[in-house]
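Read the structure below first, then the notes.
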């Protein structure tokens, strides 16, 4: 019994699901029939067929499992509209011409399903163009075959009118449906987007209202206003790509249609507005294609920018990991040095206790000198003083200062600003860049070297500017030195949003970061560097 109950449950759920599909499908059939009948009988004209847009928009909006209900809804609407014409035009025309249009559009959309799934507007334009041509061909072809009394109505002028009318009707609904279907992937409802769309719609609406109130004799003025409506659509396309073009084309198409002189009856035409509609069909297609190109390159740029940002983040993480390894290694070496100092002190004490005072004094002096040299060399591996006293004090009193002094080619540095306001990571990067730049000039160039650094803040960013140059302005850096400087220093500069420039006799380096240091970074402790160092007089 339990097995039977389990086996019956999926069948019950399946029946319930199918019942819901049937109910929703019947409601969809009724709603589509009413909407289609309303737009075709009350709003559409031959040169502006909104019912064609309703047909294509519905197929694009609903999943394929609902297409049979849409086909049934359109057949119901046509049956209601064409039933009185059975005796005049014949039953075959009423039945066949009412049942073939929606399946044809569904087949076209099915052929474009992959292109439409990607959100590419080329798919929408292709669907619109093929649907307009196929619907016109079916309508006129069936009228020629099944309505002998209507042969005179089938002409090339009618073909152009119907194709343009169907195409413009489709361009009102199809782009909006695609925007809705891909709203989570494409549309960014930012404040700028809303303001630009609102401004464009207001301008198009004002021009349209003014054109509607012009008398029928002012044909040239009315057409000029219709053409001017294209300008806001162009601006919206240039600003927001495919999404802006879709909204602009829909608004433009709708307003041009509303400004036509028509009686509201099917078959009514406004020859004065048809030329503008032909221009609109070409301009709308061009705008959507232009918007698609703009959007393609915009998203490509954004993707590349995202990849570049990710690469810089990884590079910065790699640099910080290297600094942590150097810091840990320096800490272990420092412990060894402290053990060596302790062993020397014990040995000196042992010699004093045995009366070997001269040997003890010599060993004490030698151990002090070796310990000082050891600590200076250790600071070259990792300048731990930056964490406590800041960059400037390390540059003036650590092991690197001794190396520069021994070269006899380095003048006193000119340092301004407070580096303690910068993050430890940025100070370490600046320290490495300064050391590399000075070493590069010591190795490849001749003459005295001068280094200047200035820390500061500008807006929401803070950083340090470093100039390492030859003291003699007449000496110019060689091209090899400049190329090597850019190669060596550019990595850290890019990671910290800065630049490296080589000009005449100097290497100029900029490193920046956000003014507000993240809580995960450690800020140097201790007194302010301005209090610890006298102002520079150089």
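At a glance:
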quantity: Single match in 90, 141, 129, 123 (criterion: under 21 Å from residue 174 (Cβ atoms) and surrounded by fewer than 20 Cβ atoms within 10 Å (Cβ to Cβ)); calculated: 129
quantity: Number of the condition not met by residue 476 [criteria: (1) within 27 Å of residue 323 (Cβ to Cβ); (2) in contact with a strand residue (DSSP E or B) (Cβ under 9 Å, 6 or more places away or on another chain); (3) not in a strand (DSSP E or B)]; calculated: (1)
quantity: Meets criteria (within 60 Å of the chain's Cα centre (by Cα) and either at positive phi or surrounded by 13 or more Cβ atoms within 10 Å (Cβ to Cβ) (or both)) for residue 328; calculated: no
quantity: Some residue of the stretch 350-365 being in contact (Cβ under 8 Å) with a residue 24 or more places away in the chain and in contact with a helix residue (DSSP H, G or I) (Cβ under 9 Å, 6 or more places away or on another chain); calculated: no
quantity: Checklist (1) in the same structural domain as residue 500 (by TED's automatic domain parsing); (2) touching a strand residue (DSSP E or B) at 6+ places or on another chain (Cβ under 8 Å); (3) over 23 Å from residue 482 (Cβ atoms) applied to residue 406, failing item; calculated: (2)
quantity: Options 55, 22, 65, 82; residue that is at pLDDT 80 or above, assigned to a helix (DSSP H, G or I) and exposed (fewer than 13 other Cβ atoms within 10 Å of the Cβ); calculated: 65
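The values are calculated or read from the model by the stated rules, or taken from the named source; none is laboratory data. As the structure is a computational prediction, the values presented were derived from the model and not from experiment. Please note: Cβ atoms are built from the backbone with ideal geometry, for glycine as well, and neighbour counts cover all protein chains shown.
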